[in-house]
Amino acid sequence: MPKPIVRKFVVQVEEIFHEGGPARDEPVKRAAVLAVIENPFAGRYVEEITDFMDDLKPLGLEMAERLLKALGSDASKIEGYGKGAIVGSGGELEHGALWHNPGGYAMRELLGGAKAIVPSTKKVGGPGTRIDIPVTHINASYVRSHFDAIEVGINDAPRANELLLVLAMTTGPRVHARAGGLEAKDIKGEDGLR
């Protein structure tokens, strides 16, 4: 397969000081990077598609680097992550599933071997489709304070022959997290869950 053909990148960053409760001195930052690429399988059924995951690995690393830069370039500040894909109408849901490996491993590598699985979502949709990217703690999926989602979308993507790929990171828990459960300070990090 050839190198993925990128039409555009979009980076969005939120700085959240409060949601009605006490304001924080330093905001929680939530960011996402989106890449719109050509879907090489659009418009036809292709049996063997897994090689495209290897082709996506450099793009995954580039996107993770762009995302980390948008959040201040300090990997030690990142506490949450997630990923997702929107497949244009000429493709199939399985094409979005090809993003699981290159997107997730790129972030885990850049963050020094984060332990938790990178939560993911995917769907088929047209230009302007929005998607909620699930977010969990980078080292323990059961840290309840970090259960979150970041909504993303682009007004002109994905077109029928495109894939919209997404990576997301956060610098902390929900701004007023107080739902109990395992706390980040109590993570053992042995299995990526607790």
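Need the C-alpha centroid separation for segment 127-194 versus segment 8-26, integer Å. First find each Cα centre; the distance between them is then 14 Å.
To the nearest 0.05, how large is the calculated FRET efficiency for Asp132 and Glu47 if R₀ is 41 Å and r is the Cβ-Cβ distance?
On the way: r = 31 Å, r/R0 = 0.76.
Using R0 = 41 Å, I get an efficiency of 0.85.
Each residue, Glu26 and Thr121, gets one label point 7 Å from its Cα in the Cβ direction; the gap between the two is 2.9 nm.
Using DSSP loop states and a limit of at most 10 other Cβ atoms within 10 Å to flag GluC sites (Glu not before Pro), what is the longest stretch of the chain containing no flagged site? Intermediate values should be presented prior to the final figure.
On the way: sites that count: Glu19, Glu47, Glu48, Glu190.
Answer from the scan: 49-189.
How big is the charge dipole of the chain about its Cα centre, in debye rounded to the nearest 20, if each Lys and Arg gets +1 on its Cβ and each Asp and Glu gets -1 on its Cβ? Mind showing how you got there, number by number?
On the way: 24 positive and 27 negative charges, 66 e Å.
Roughly 320 debye, rounded to the nearest 20.
Relative contact order, percent, of segment 61-109 when contacts are C-alpha pairs under 8 Å separated by at least 6 residues? Spell out each step's value before the answer.
On the way: 23 pairs, mean separation 21.9, N = 49.
Relative contact order for segment 61-109 comes out at 45 percent.
Modelled spin labels at Ser76 and Glu109, positioned 7 Å past Cα toward Cβ, are 2.4 nm from each other. If you run the Gaussian network model on the chain, springs between alpha carbon atoms under 10 Å, then out of Ala140, Ala116, Ala75 the most flexible one is Ala75. Compute the angle between helix 100-110 and the longest alpha-carbon principal axis of the chain, please, reported from 0 to 90 degrees and rounded to the nearest 10. The answer is roughly 50 degrees.
The phi torsions of segment 162-172, fed into the Karplus equation with coefficients 6.51, -1.76 and 1.60 and a -60° offset, translate into couplings of 10, 10, 10, 9, 9, 10, 9, 9, 9, 9, x Hz, rounded to whole numbers, with Gly and Pro shown as x.
Residues in the chain average 49 Å² of solvent-accessible surface per residue, probe 1.4 Å, ligands and nucleic acids excluded. Would you work out what percent of the accessible area of segment 69-194, with all protein chains in place, is carbon or sulfur (probe 1.4 Å)? Carbon with sulfur: 46 percent of the solvent-accessible area.
Which label marks the calculated value of Rg/Rh (Cα atoms, Kirkwood Rh), given the options (1) 1.04; (2) 0.92; (3) 0.99? Identified label for the calculated read-out: (3).
Sum -39500 (n - 2.57) across every DSSP H segment of at least 4 residues in the chain, then divide by the residue count to get the 222 nm mean residue ellipticity, nearest 500.
Numbers: 3 runs with 36 residues, N = 194.
Value at 222 nm, helices only, nearest 500: -6000 deg cm²/dmol.
Comparing Gly72, Gly153, Ile86 along the charge dipole axis of the chain, the residue lying farthest to the positive side is Gly72, per the Cβ-charge model.
The values are calculated or read from the model by the stated rules, or taken from the named source; none is laboratory data. All of these numbers come straight from a predicted model, not from anything done at the bench. Counting neighbours? That spans all protein chains shown, and the Cβs are built from the backbone with ideal geometry, glycine included. Ligands, DNA and RNA are excluded from the accessible area calculation, which covers all protein heavy atoms including side chains. Shrake-Rupley method; radii C 1.70, N 1.55, O 1.52, S 1.80 Å.
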